[in-house]
Structures are given as C-alpha cells and as structure tokens.
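Quick notes on the structure that follows.
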Amino acid sequence: MDKENLQHLFFESEPGKEIRKCIQCGTCSSSCPMTDAMDFGPRSLFALIRDGDMEAVINSNSPWMCVSCYQCTSRCPQEIPVTELMYSLKRIITQTKEKTQSNKAKDLHRSFSSSLKLFGRVTESFIMAKYSLKHPLTGLSSIPLAVQLTKKKRVELKMQKVGSPFKFRRSFKHLR
Amino acid sequence: MKYAFFPGCAHDTSAGYKESLDAVCSKLDIELLEIPDWNCCGATITAGESKTSSLYLAARSFALSEKMGYTQILTGCNACYTTLKKSAKYLSSDKHRLEAANKHLASEGLELTKEITIQHVMDIIFDKTPKPIWDSYKNNALQNINIACYYGCQYTRPWLTGPQSDRPEYIENFLTGLGFNAVNHSAKTLCCGAAGAMPNADIAKKLVARIADGVKKESADAIVTICPLCQLNVDMYQTQPDIEQIPTLFFTQLLGLYFKIDLENLGLDKLLISPEPLIEKMQNLKSA
Amino acid sequence: MNVQNPKIGVYICHCGMNIYPKVDVMKVAEYAKTLTHVSVASEYKFMCSNPGQELIIEDIKQRGLNRVVVASCSPRMHEPTFRKACETAGLNRFYFQMANIREHSSWVTLDSDMATQKAMELVTAAVKRVSFHAPLYTKDVPVQKSVLIIGGGIAGMQSALTAADAGFKVHLVERETYIGGHMAKFDKTFPTLDCAACISTPKTVSIGQHQDITLHSYSEVTELSGFVGNYKAVIRKKPRYINEDTCTGCGLCAEKCPVSVPDPFNENLGNRKAVYRSFPQAVPLTFCIEKKDPAPCRISCPAGTNVQGYVQMVKTGNYQQALNIIMERLPLPGVLGRVCPHPCETDCRRSLTDSAVSIRDLKRFAADNAKLEDVPLPKVEDRDEKIAVIGSGPAGLTVAYYLRRKGFKVSIFESMEKPGGMLRTGIPDYRLPPAILDAEIDHILSTGIEMNTGVGLGNGITLAGLKEQGFDAIFLGIGAHVPVKMNIENEDADGVIDAVPFLKEENLERPGSAKKRVVVVGGGNVAMDAARVAIRSGAQSVSIVYRRTRNEMPADHEEVEGAIEEGIELINLVGPKKVITQDGKVIGLECIKNELGPADDSGRRRPVPVEGSEFIIDCDMIIPAIGQRVESSPVLEDTDVDLTAWGTFNVDQITFQTSVPSVFAAGDAVTGPATVVEAVAGGHRVVRAIEKYLNNEMELLEDEIRQENKMAGKNDFLPVPEDVPVVKRAKTSFMEPSERKNCFDEVDLGLDEASAQKDAEKCLNCGLCCECMECVNACEVKAVDHEMEEEIIEVDAGAVILSTGFKTFQAEKLFQYGYGIYPEVYTSLEFERLNNATGPTSGSIQMKNGKTPERVAIVHCVGSRDSRNNKYCSRVCCMYSMKFAHLVREKTGAEVWEYYIDMRSPGKLYEEFYDRVQEEGVHFVRGRVAEITDITDHPEDDGRLTVVAENTLTMKTLRTPVDMVILSVGLEAAEGSEDVGRMAGVSRDKDGWFNELHAKLAPVSTPISGIFLAGCCQGPKDIPDTVAQASGAAGEAISLLSKGTVSTKAEISFIDPELCAGCKTCIEVCAYSAIDFDGSRDVSVVNETLCQGCGSCSSACPASAAGVKQFTDLQLMNELEGFL
C-alpha cells in the first residue's frame, strides 16, 4: 500500500488524528521505560507520521517495544492517548500485512500470539522456546535464569490450554 | 462470600501467589470460583493485532462468568486487570462491538448480555472483609517492619489520575492500619519491563535496578507486589550482579505472615531472593 | 415619534474583501432600493473611510434623508463612526441603525447566495426598525477628578504616578502591608539585569511622598458602586496595631518580639516576628503586628490571664515582665502558681503533637524569680469613693487590689487575725508556704489598702454601719467555711472533726491533733489536704473513703498521687453509714459498698449502695470533707440580701449585685466551694461592676459583656507546623515522700531555669502576637497601639484601574516533579528569595544543608502549556529562567541545565540575552521534563536528584543528576480577583484573567466604561509590558476625566406616568438606585443621570410602564418583522 494511504489510514484510525495536537515536547519519549530500545521514541514517531515518512514508521520497532505502562498517556500535556496510538500503529501494520523489517519485540508478539491462538492460554516456557528458535542467542543467555526458576519448580512444561483448543481455534480463526 | 475468579496464565507458575491467596482467602471466608474454561486475555499483544479478536477474548471469559452467574470478576494480575477492564469498557459502551463478539461466541453456544465489572482481588480483600478479623492480629511492634509497596504500572494507570497514578497510597494506608510501617518511596509505579523483558533483558535489569534503588533508599525489609509478572521480574532480576537484593513477596504472602499462617501454605520457598530475614524479624517481634 | 415620511438611505459596505464577494453587495443594494421609505441605496468599498462617510453626509444634505442604515461590520467597531457622520450632517445620531453583515453573514456563511440572502434580511430588519427611531439626547454630568487603583504592584504604582502627575487625586489600595507586589520579591530583572529594588524603590518612594496619592496599604476594597465619572468605593483598612504617622521604622519592636513565625514574604523559607516589616525598604516603612484569636490557654483561664504572653516572657528570660503580665489578672501569682487546677493546660494545643506546656509551673517559676515590688502600677487619679471589702480570701483580695489600681479607696475587713481566708486556713503549708502568701498579701496592701483584721460581720461591723461610715459600695467575699454534715448516726461523737476546722487549726497553731488511725471521708482537694495533713500531724495510718471510683474524684490528679505516695490508702466505692462509738469516743466507721449507677446531672455516675455489703473500718478519728456552706446569718441580721436554695448569696449573673444594689458578692459565698482561680475570676467581674456602678454606667456593662461573648470562639489560630519535634514535658522535682510526710515543708520544689525555658519553648503561639507588650516598652515614639481596630473608609473616584496582578502556579499539582517531597526542589519565587540580598540566606544560593549546589536544573513550563493545568503560555518564564541560569552561574559557578519546550524570547534585547546565557555555558535541553526523582542509576549520584527528559534534538533521553531543581512555575490570576471582578462588574476569561474591551484595539479598557485594566490581571506579561500598559490605563482614565464631564447614556429607561401604578417594584430592582418615587403623583421617575439603561425595571414592571429608549417594543417588533 502506498505511503500516503498508510498515513491517511493512521489519521483515520481511532484516535489517530490526536497527534495533530502534539507539541513535540518529548514527555512521552522520556517517560517511556523502553525508549532506549526503540529506534524512535513516540514523539519522533509522531513527527515522522506528520511528515508522511511512513516507510520509517512501519519499519520502526517502537510500537512493538511498547509495554503499555501508560506513563506517556498519563503525563502528555496535550492529553494525547499515546499508548492507544501505539496499538493502532501495530494494528495497521498487522492488518495491511506490510512487509517490514523483523525485530525481536515483534517476534515475541508472534510467539505469544501463536501460543494463544493454538491453546487459548499461553505458557511461558512455550513462548520462550518458540522465541528462542528465532533468536538462539537470547535463548541461551536466558538459560541461567530459566534454571533458577526450574529449581524453584516455577517452570510449567505442561501446556496450559482451554477445555477444547480445537473449538477455540475454529472460532478465533474467523475473527477480524 | 463467593466471587468469580480469573487466574490468568501466570497465576499457577507464580511464586506462591496461588497458595498464599488461597490461604488468606479461606482465613477471610472469601471463596474464589475459577471461571471454568477461561481463556487468555490477550494481554498487551492481541490488542495490537485486531480490536475484534482482543474483545472476543475478553467477551468469551465474560460470557463464561455470566453463565456461572457472576458479573463481577476478580483477578490478581495487573495485565489481566487492565486488559479485561478496558475490554469491559469497550463492550459495554459500544453495541456493535458487543454484537460482533457475540456472533463469534455463538459457535460455542455462549453469549454476553450483562455489563461486567473487573476488580483486583486486592480491592476485595482490603475493602470487603470484616475489620475484627484483622484487628485481632494487630501488633504495634509491626512498626519496625518497613514495607515498600510496589503497584507496578497497570494497576494505577491508566485508571487513576494525579498523584494517585504515580504515588498512590492505597496499599500503604491498609498496611499502616495493620501496624506495619509502609515506607513512602519513589518507585511505587515504575514499570518493571516484564512485558518486554525477553528480548530486552538489559533494559528489564536496569528498570528493576531503579526500583530496587528507590526502595533501598527507604531501607525497606521487603517489597510487596500485587502482580505475578511484576513479582517474577523484580524477584528474578534482583538476583543479577550489583543489584540490591530485597525480598519481593506477593501482598498475600505478607498478609499470610500477618495472620501467622503456616509458612508452607504460603509458597515462600518459591521466592528467588530468600524472605528469611523478613520472616525472622516478624517472628521475633515482641507483641506490644 | 417621527414616523411620517421617513426618507431612508441604505449603504452596503464591501469591507475590502471581508463582505464582498461572499455577499453580492450590488444585489443587496438593488434589493434595498425596493424597500418602503428607502430613497437611496448604494454600496462602497470602505464605508468607514472618509469618502464613505462623505457619501452619507452628502445624501443627508442633498436628498434630505432623515434615516440612515449602514450594513457593514459589528456596531462594536463602527457604530460611533456612522452616528458621528449623521450628526455632522445635522441629523440626530439615533436616526441611525447598523446591520452587521460581516460577523453575522459573510464570515459565518459558506454559500455565497445564502450569505447574500441573509444580508438582505438583515438590511430589511434594519430598515424596518430605523423608521421607528426617535431622536435621543445625552446630558453632560460632572466627574470626580480622582482615580481609584486596586492593587499596588508595579502596575498599580505606575498608573498611580502617571495619573497623579497629571494632577488627579489617586487612591492606591494594596492588601499587603507594603507596595511593590511581586517585583518587591525579585532580585534582578531580565534582560538588563538591573536590580529590582534599585528600579522600583524610586517609584515606591515617590508614591509615599506624592501629595496627590493617598496610599491605603494593608487595606481592601469591599464595595464598588456608582458609574463612570462617579464611582464610590468602600475600603476596609486592617489594623496594623502600629500608628503609621508616628512609626519611624526603627525596628526595635521586632528585636524585642519573642514570637517567631514562618515568613510568607520569604515563601516560608525563613522566619519573621509577630511584629514585622516584610523588607527593609518597604513602603510604608510602618511595622505591622499580626494577631490571631486569643490563644486557647488564655480563653480557658477563668481569670483571663494572658498565658501565651508570660510563657513567651519566661522563654526569653524576662521573668519580671512575665510577672507583670500575670499580675494584670492574678493578684496572687505565687499562690496560683502552686494551687491552680490549670484548665489552661487542658486546652493547650501543643498536646496535639506531644504534651501540653507546663503552664502552672512556669507561672510559679516567674513568680519565684521576679520582684513583686517592681510590678508597675497604672498611673491613675485617686478617687473619693470608698469601698468596703468584707473577707480577705482570693475574691476579696482581687476586688481590693484591682479597685485600688483604679484609684478607689479600699478597706478590707477580715474576721480572723491574719488575712487570706481559705488560702491560709484551708490550704496546707506543704502546698502553699505561708511566707509566699504573706509576701503577696503585703504587696497588695502596699498599694494603699487599709486592712482591718479581727473584725467581721457579726463581730464589730454591720452592713448598715458600713453604709453610715460612708462606704459607697460593699463587697461580700466571706467564703464558705461552714462544714456540711454527713447526716449519719453519732456524727457528733468525740473524734469526729470536720476537715475545715481541722485544717484551720493545724494551719494556724499546728497542735498535731491527729489521732492514730484516721479515716477521711470525701474525694475533693479538701479531703486530700486533710489526709495529708493528718499524716504530718501524728497519724499512723490514714484512709480516704470515697463513694465513687478514683476516675470520678474531683481532687487534682497531683494531689491524689501525692497522697498515695505518702502511704495514704484510698478506699473507693464506699459510703459512710454510721459512726461506731464506745463510751462517746469513735472506734470505727461503718461503711457500705457502692456500685456505679446511671450518670447524674454532674455527668458523673451516681453511686448505688449494695444491700448487705456493710463493713466496719476501725479508727479513732474521722474527718468528714464532703463540702462547706456559707455562714450567712450575720449578713442577714440587718439587711435583706437574698439567698439561693443552697444558702449562697443570690447575685445578678452580669452585675454581681445582691438584691441590695450597693452590695456585691463573689467567690465561694456565691458559687459554693470552688477553686482559687474561680474566686479571682468572680472578683474581676465585681471590680468592673463596682466601677460602672460608681460611674453610674451600669447599663453599659451588659452590652460590653454581650460583645465579649460574641467575639469569643472563632478559633482562628496559628496552624500547628508539621515538623514539631517531640519534647518531653518538664517535670518539677519533689521532696522524697519518706522525709516530707513528717514535716510541713513545701513538697513541690518547682522547675529549674533551664527546664522552665525549654518548656516555654514548646509554646506554639496559637494567638500569633502574644501581647507581652515588649514592643510597647521598646517603642521610643509610642507608636504601638494594641487596641487599634479596623477602619472603614469611603472614597469617590471618577475612574477605577484594576491592577490586582497574579499568583504563581501551585507546583504540588505536578506531582511528578516532587515539589514538597524532595527538599531541593524549589519554585521560582522561592529561588528569587533565596537569591535576594534581603532573603533568608541574604542572597547566597545554597541548599537546605547549607552547601552550595554544583549542578542545578531549571524546568520551564511548570503549569503552563499544559492542558491538564493551564493551557496558555505564561510568557515570562523562559526569560526569568535564563535570568536564574545566569545568576546561578555567576554566583556559584554551578553547571546549569535549562529544560525548555520552545524558547520564547520575543522582546527588545531578549534574544540577545538568550545568546549571552548560552555563551555563559548553560546547557540548553530542548525537551519537557518527564519526572524528577531521587532514584539514581549510579551509586556515586546517591543523594542527588535525577531530572529525566528527552533532548528532542538528539532524540536521547537524558537522566541528569543535580543538586537543586528550580521549577519555573507559570502565572495565574491573583487570589480574590474573582471577587474584585464581581464587584467591578468586569468579567473574567476561562483562565480567570479580566476581559479587556477589545483584544487589539482596547486592551486596557473594559466593557464597563470608566474601569480600566493594568498589568497581569489582564493576562501574563513581563515588567516592561506591564509598565507600558499601566501608563496606558492611566492615560485612558485621564483622557476620560480631564474634560471634567461625561455624557450620560441616551439609551436609558423611561417610565410612562400614565401607566405607572406606583408599585415601586422598579425601585427595588434598580442596581443603580436611579429611580425615585414622586409622592405628589404617586409614580416612579427615572433619574436620567444615574440610569444606565440596563432594562431591569422594564422587565420587572408589572404594568409595563417602564421601557428602555432605542429598545422600545415598537422598534423591536418591527425589526423582528423584517427578519420574518
């Protein structure tokens, strides 16, 4: 989809047009716990959107890094619902099936959501494993912590699931 | 008193949350009825894929709860709390979304008709239980126990505004009422980074270090959490080098100690940072 | 009305491109021509231009038009212009009507045809209406050549000087004690960095000296009435308690003042005295005393002693002045310092934090450490009236002493050999050493009082006799010395002796009359005294029998404790039933056990005997101490003084007169057995009553007392500070029980100086000023007047200027900045004081720990550009923040970070200042601060604050550790500006700033003619803008008033006498009292100079006799018709 339409799509998305109010003060970016891991903070992201540089926007890892702590939303002097805007960005990217650079955070989303889609509930160890397939190094580096947890009998190897994953999958598949 | 309970995916593997919650609830005559066949709330993930799917996830558990005759749902996890609460808001305020959700629920013979309210199990324990039970364990010597309450981000935000969102005093007031010394610190609602920890261990570690620093400044004997993700993250990353180590319990485990419930029923052994110093200190209190 | 053959000219304006082409003006003009009575219609590019107006004038002259309609912009803009044009052409200006086809059509309508259509309708309406216009005329009325200015900040001062220099009288009203407003708190001013004081003092000084400026400082305008040219203001002048004319501002009073409180002028970073001047150069230089309500201790003292006053004097080591203060109300300081039950300590607010101040012990300490003979006596004329005081107990002594101090001749008659009454006979020596009592009585007598001992009613004197001897008034203070009987069997047996005679005997002769085993009956102080005396006079064991429990005991806690310590046994819940005797001598007391039943009237639970619980206490002496009554018979011999059912004297509760007018009574003789301080209190009431009686002013007394009761109990005290340290209550030392129980030496040894002063330190100064009168003594020009009261003044003014200024944003609201949580976070005003030579640190920039900061952060836009607080930009913060940065660099060399969203430096030399500060090496970070926290990422930064913000230019989030943070708080409308606005009828915008008449063209005028705006009350602005605007406002006022007259409105009310029913409703509703009633014709008449044409009368008039010219029903109906 061409970038202008993407920009248009964003402004139309609830509550996309809110970012027109942004005064670029940076309160959101500096309130964000994950900002150091983002290639663009929310503020920069909004500036890019207003510039129509959607290429940069959809390839940015920022929306995926957002952990929904809502600190930005609670502090924005213009009362812009920053967290919600991150969600709508992710939705647009997912729904338009845009080819975008992969990034760790996005892969974590994927692992989580496949576990969810398959079983109706998620199991940390499963997410972990699935994610580690894509990022073996992170997998390895987190082994010591995993060991600690296992020692404390806190790692569930049995899959958590709803009563009938099959039924769940079927109705979930038809969504959106 | 009976309540519908939504455990969430992290409940069972959490460090003694389940055990201690059950113990404290039976002490207070609270019966938590697990919603049969509940499903994952989608946490911060599904809402980023499609509003419809995320609302469906919530609606399904809601419908199941309605089916068992409860419109008020308790949960002990901040992420579930916020996700479900937001969904409940959307569903009750937007007819079309509700219809959409019901359309898909139909295939499982489910339907959501009532308005659902979400509450953190802590709210019930603090506000809806008879005072006498608490008072009978009151002990002034508890002032010597310094507790740092850690709310995490999603319990207060986005629901509360003003000081309440960054420097709440809800848990503090309750614990002070019991006699504890609830310290006032600057890390109460800092994000622990749990949701993004896996790909960003370095950041999660830094965030937890800050929380530990804020708490250490008030020389707290323990951190009290109300969310399995917070507890996991704060407990786990404090074991990393050069981070202050402060026992990090679930609030239910502290209340368990307050009620002098047998330790083995509180799952304290599952904590990574040993709560021994705290337990000792509490046991050696000479009642005043 | 001239409706016959109207000839109307209609003129359509293009207003450049504003109306045309959106509105097809040609079409409108063509259409207008078709309307009835319209004889000419044309359009023109700018009707407001001279050629445009000429057009109208020409047509009126040439074509004999008698009505004019212009369709153009808003009447608010150009109605006057066109009315003027009509006038020039000789047509009455009210034959004109304006149709607004710009704001009402072209600007607000998208579709051109619709706009044109609407314009036509508007024109039709105007044409229809104007036909019915009538000529109206205005009148010129004289104006007051004076200006009232509300608010004495830099704006008010500038306006005042401008107006006064133009020869107008100025009333400048300022609610603070000084003029200069916020600017007086500043150190330097941007961008030129000249010192705020240096540039504002010349102004303040000349205000003080200008003969045409009346400065009402420490005053507030409470009412504003009248209208342009003739306003009336009511000003409430708060009492300074220091005379402005005589005070030289030397400051000796403040040096002496013992009371120190947080100083609001220094943003509470430092302290000031109860008598203060906010800063040395203040104008007026007069000091001011701040008072709250009288402290609770003072209220609760029955005798009204100024407790706070003498406690402060003990604190400062001025024991003589402490004693002087006590002696104002208590003639027996040493006595009461020992035996007073101190209700004051019960009410002491210090007990809210730790424990009450040991007031009684402090009183005793003062009495023991100062000289009675040095207590000053008031200089008064001796008077001839003679007063006889019968009885020399506390009541009698009080009456005698204070009447003497008023100059009366006083003689005391005491039936016993030594004076003192119950003080001497009733209170044992170990509590009250006779030496103390003697000394204090001697001092009282030394003031010239005649003492006759051994004479009393019934032996030597009679009331009648005293009258014959020429005594003008008599006081009965004969106390209650007659024991009350127990009314039980064998009560008169040998070995039963009542407490009163027992104590009297032991106190006077000390025969050691106690037997071996003594039982005292009763629970009051007398019982305790009797028991403890018995132990001292030979008893081996003493028991006290009381019918209730210890909690109900009326005796003072200390006394009960003392008794127990001395081995006396308390037997509670037991009542005496019968005295057991053997050949006439006491051998025991039969008692019965009680249990507590329901409460009686005294609120104490009534004891109920338990059947069959009788038991016997073996003893050989029984001392009943269950009460005393009055010996009234000798009084009644030769007078008819009424008694109450209790046998006490029946006196008027206000005048304390007995049924015989010249005979007064108080003390136990009236109240029954009570405390010493209550007797003194009664004495004071009598002193006042007798004085009034002898001055024949008795009737004044009631009003006075009613007044006092009204004043009492507002409870506006100095708030208790949060950080009060817990200090243990001072304890006096006691004699060891073992040694004291064998002698009558004083048991309580009192406080030592150190602990007395330490305890006095605890006083919270609830009443703020403690009225110790040290300032009065210190003042060489006698300027202090503690009796001063508030004044209400009325002033006239032709014009009013509002310059009420601003207040700063409450930084606590932005909780994430930790103001009020982290001590090193300051607001900009606090920093101004910190940096100011007259501030708490005399201008050295330092942290609370005294160290100089090495890293300082300055945070812009705190409470501004923030839709959660104030949406607007406060305009001054960027500049003053950079001023701070410069000052910090200059004074401390610290690293400085400025966090800004956008740098706003519009103004002469402002941008240059920005450059300069950048060159000085200040770090500018473009980003709004997200939070300030004590959490640090690196241990070496512990103890510092971390400022978190994104540098939006580098896209990096910075966490900067600093020692000090300055929050550049925004500006908000001043406290109370709402009331001022309501008073003046000036509306405020959504942010609370006063609304100007026109944002661009009338920025200092308001919709209310004759009322103008200056400075920040109209919106945030810096000093240069404020001063400019202030001069402007003064200029407008001058130009309004200098002509000497203003013309009244022509569009005013009229009342049709034919229709008026004379119900006067209109008179009630008229806000300008502009309607009078003509009695001769029974109709209401409008006063044309006062009426403002508001129309309330016309809407209220039930007979629709009242209407407003130019808004008649006929005109309005026709206008409406035009639209339809």
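The values are calculated or read from the model by the stated rules, or taken from the named source; none is laboratory data. It should be emphasised that the depicted structure is a prediction, and the values quoted were computed from it without experimental measurement. Here the Cβ positions follow ideal geometry from the backbone for every residue, glycine too, while neighbour counts run over all protein chains shown. Each accessible area value is taken on the protein alone, full model and side chains, heavy atoms only, with ligands, DNA and RNA left out. Shrake-Rupley method; radii C 1.70, N 1.55, O 1.52, S 1.80 Å.
Would you please name the residue that is most open to solvent (accessible area, probe 1.4 Å), looking only at residues in region C:825-876 that are of a type in the set (Gly, Ala, Ser) and within 14 Å of another protein chain (Cβ to nearest Cβ)?
That would be C:Ser867.
Could you go through region C:992-1003 and let me know if any residue there is touching an Asp or Glu at 6+ places or on another chain (Cβ under 9 Å), aliphatic (A, V, I, L, M) and crowded, with 23+ Cβ neighbours inside 10 Å.
No, that holds for no residue.
I'm told C:Lys504 meets every condition in (1) of a type in the set (D, E, K, R); (2) part of a loop (DSSP other than H, G, I, E, B); (3) crowded, with 17+ Cβ neighbours inside 10 Å except one. Can you identify the failing condition by its number?
(2)
Take the residues in region B:30-56 that are assigned to a loop (DSSP other than H, G, I, E, B) and touching a residue at least 60 places away in the same chain (Cβ under 8 Å); name whichever of them is farthest from the other protein chains (Cβ to nearest Cβ).
By that ranking, first place goes to B:Ile30.
Does region C:952-969 include one or more residues that are over 24 Å from A:Asp39 (Cα atoms), modelled with pLDDT of 95 or more, polar (S, T, N, Q) and in a strand (DSSP E or B)?
Checked region C:952-969: at least one residue is over 24 Å from A:Asp39 (Cα atoms), modelled with pLDDT of 95 or more, polar (S, T, N, Q) and in a strand (DSSP E or B).
Could you tell me whether A:Thr94 is without any contact (Cβ under 8 Å) to a residue 60 or more places away in the chain, open to solvent by less than 10 Å² (accessible area, probe 1.4 Å) and within 10 Å of chain B (Cβ to nearest Cβ)?
So A:Thr94 does not fit the description; no.
Does region B:196-206 contain any residue that is over 30 Å from C:Val947 (Cβ atoms) and in a strand (DSSP E or B)?
Checked region B:196-206: no residue is over 30 Å from C:Val947 (Cβ atoms) and in a strand (DSSP E or B).
With a cut-off of at least 1 residues that are surrounded by fewer than 23 Cβ atoms within 10 Å (Cβ to Cβ) and charged (D, E, K, R), name the strands (runs of 3 or more DSSP E) lying wholly within region C:91-170.
The strands (runs of 3 or more DSSP E) meeting that bar are C:140-142.
Would you pick out the residues in region A:103-122 that are within 8 Å of chain B (Cβ to nearest Cβ), under 18 Å from A:Phe168 (Cα atoms) and in a helix (DSSP H, G or I)?
A:Phe112, A:Ser113, A:Leu116
Residue by residue through region A:123-176, note down the ones that are more than 7 Å from chain B (Cβ to nearest Cβ), over 24 Å from the mean Cα position of the chain (by Cα) and open to solvent by less than 30 Å² (accessible area, probe 1.4 Å).
Answer for region A:123-176, where residues must be more than 7 Å from chain B (Cβ to nearest Cβ), over 24 Å from the mean Cα position of the chain (by Cα) and open to solvent by less than 30 Å² (accessible area, probe 1.4 Å): A:Leu149, A:Pro165.
Within region C:987-1034, can you find the residues that are of a type in the set (A, V, I, L, M), within 29 Å of the chain's Cα centre (by Cα) and part of a loop (DSSP other than H, G, I, E, B)?
Within region C:987-1034, C:Ala1014 is the sole residue that qualifies.
Can you tell me which residue is nearest to the other protein chains (Cβ to nearest Cβ) among those in region B:212-261 that are surrounded by 24 or more Cβ atoms within 10 Å (Cβ to Cβ) and among the aromatic types (Phe, Trp, Tyr)?
Filtering region B:212-261 for residues that are surrounded by 24 or more Cβ atoms within 10 Å (Cβ to Cβ) and among the aromatic types (Phe, Trp, Tyr), the one nearest to the other protein chains (Cβ to nearest Cβ) comes out as B:Tyr237.
Could you tell me whether any residue of region C:1017-1024 is open to solvent by less than 10 Å² (accessible area, probe 1.4 Å), at pLDDT 95 or above and over 27 Å from C:Tyr910 (Cβ atoms)?
No, the conditions are met nowhere in region C:1017-1024.
Got a sec? Which helices (runs of 4 or more DSSP H) wholly within region A:28-72 have at least 3 residues that are without any contact (Cβ under 8 Å) to a residue 40 or more places away in the chain and open to solvent by less than 20 Å² (accessible area, probe 1.4 Å)?
Here the list reads A:42-51.
Name the residues in region C:1035-1056 that are under 16 Å from C:Ala1103 (Cβ atoms) and either aromatic (Phe, Trp, Tyr) or part of a loop (DSSP other than H, G, I, E, B) (or both), would you?
The answer is C:Phe1054, C:Asp1056.
State the number of residues belonging to region C:603-638 that are surrounded by 17 or more Cβ atoms within 10 Å (Cβ to Cβ) and assigned to a loop (DSSP other than H, G, I, E, B).
Residues that pass the stated criteria total 8.
Can you name the helices (runs of 4 or more DSSP H) wholly within region B:57-174 that have at least 1 residues being more than 17 Å from the chain's Cα centre (by Cα)?
B:78-93, B:95-106, B:131-135, B:163-166
So which residues in region C:976-988 are open to solvent by less than 50 Å² (accessible area, probe 1.4 Å) and among the charged types (D, E, K, R), if there are any at all?
Correct list: empty.
How many residues, within region C:356-407, are charged (D, E, K, R), open to solvent by less than 60 Å² (accessible area, probe 1.4 Å) and in a helix (DSSP H, G or I)?
6
Are any residues in region C:907-964 within 14 Å of another protein chain (Cβ to nearest Cβ) and touching a helix residue (DSSP H, G or I) at 6+ places or on another chain (Cβ under 6 Å), and if so, which ones?
C:Arg928, C:Ala930, C:Glu931, C:Ile932, C:Ile935, C:Val948, C:Ala949, C:Glu950, C:Met955, C:Thr957, C:Pro961
Which of the residues that make up region C:895-951 are without any contact (Cβ under 8 Å) to a residue 12 or more places away in the chain and assigned to a helix (DSSP H, G or I)?
Listed by number, the residues that qualify are C:Glu911, C:Asp915, C:Gln918, C:Glu919, C:Pro939, C:Glu940.
Would you check which residues across region C:914-931 are closer than 19 Å to C:Ala894 by Cα and open to solvent by less than 20 Å² (accessible area, probe 1.4 Å) and list them?
C:Val917, C:Val922, C:Val925
With the requirement that a residue be open to solvent by 30 Å² or more (accessible area, probe 1.4 Å) and within 25 Å of C:Leu432 (Cβ to Cβ), what does region C:530-554 give you?
Within region C:530-554, C:Gly538, C:Arg550, C:Pro554 meet the criteria.
Within region A:19-39, how many residues are farther than 21 Å from B:Cys153 by Cβ and either more than 7 Å from chain C (Cβ to nearest Cβ) or in contact with a His (Cβ under 9 Å, 6 or more places away or on another chain) (or both)?
Selection size over region A:19-39: 5.
I'm trying to understand the selection: among the residues of region C:182-205, which are within 25 Å of C:Lys145 (Cα to Cα) and either open to solvent by less than 40 Å² (accessible area, probe 1.4 Å) or without any contact (Cβ under 8 Å) to a residue 12 or more places away in the chain (or both)?
Across region C:182-205, the qualifying residue is only C:Thr204.
Any residue at all in region C:773-793 that's touching a Leu at 6+ places or on another chain (Cβ under 6 Å) and β-branched (Val, Ile, Thr)?
Among the residues of region C:773-793, not one is touching a Leu at 6+ places or on another chain (Cβ under 6 Å) and β-branched (Val, Ile, Thr), which makes the answer no.
Answer with yes or no whether C:Val526 is part of a strand (DSSP E or B) and not small (Gly, Ala, Ser).
The answer is no for C:Val526.
May I ask you to verify whether C:Glu708 is touching a residue at least 12 places away in the same chain (Cβ under 8 Å), within 23 Å of C:Lys291 (Cα to Cα) and under 30 Å from the mean Cα position of the chain (by Cα)?
Here the answer is no, as C:Glu708 does not meet what is asked.
Please enumerate the residues belonging to region B:140-164 that are open to solvent by 10 Å² or more (accessible area, probe 1.4 Å) and at the interface with another protein chain (Cβ under 8 Å from one of its Cβ atoms).
Within region B:140-164, B:Cys153, B:Gln154, B:Pro158, B:Thr161, B:Gly162, B:Pro163 meet the criteria.
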